[in-house]
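Structure first, commentary second.
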Amino acid sequence: MGIIAWIVIGLLAGVIAKALMPGKDPGGIIITMLIGIAGGLLGGWLGKVIFGVDSIDGFFDISTWIAAIVGSFILLALYRVVTGNRHSSRHA
């Protein structure tokens with residue numbers, strides 16, 4: 001799969017990761033979409049590195065979506081950890 005397909009999958013995976021991890025994010029929908037894109041790319045890269053596959057099979061393959069959602073979930077959690085503390089300390 002090409003990078004354009006991973007970007008499209010990443011957008012959708014970001015929405016799914018946000019649904020699995022409800023709560024208020026320090027950023028808006030644009031930040032969540034960007035995290036989803038980066039998470040999709042991260043998931044694809046991790047799939048290649050960890051499982052040694054040449055490329056994730058295809059756009060409609062379940063392993064592609066799981067990799068993208070897991071990557072998005074990881075980045076969304078990291079984003080909340082990094083920006084959540086800084087965001088809450090401004091209002092104290």
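The values are calculated or read from the model by the stated rules, or taken from the named source; none is laboratory data. Since this is a predicted model, take the numbers as computed values, not measurements. Keep in mind that these areas ignore ligands, DNA and RNA; they rest on the heavy atoms of the full protein, side chains included. Shrake-Rupley method; radii C 1.70, N 1.55, O 1.52, S 1.80 Å.
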Response to the item:
Of the residues in the range 1-18, those that are in a helix (DSSP H, G or I), open to solvent by less than 80 Å² (accessible area, probe 1.4 Å) and either modelled with pLDDT under 75 or under 21 Å from Arg80 (Cα atoms) (or both) come to Trp6, Gly10, Leu11, Ala13, Gly14, Ile16, Ala17, Lys18
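Just a yes or no: is a residue in the range 51-60 at pLDDT 80 or above and of a type in the set (Val, Ile, Thr)? Explain how you work it out, then say what you get.
From the range 51-60, those at pLDDT 80 or above are none; that's our starting set.
Scanning the range 51-60, I find no residue that is at pLDDT 80 or above and of a type in the set (Val, Ile, Thr), so the answer is no.
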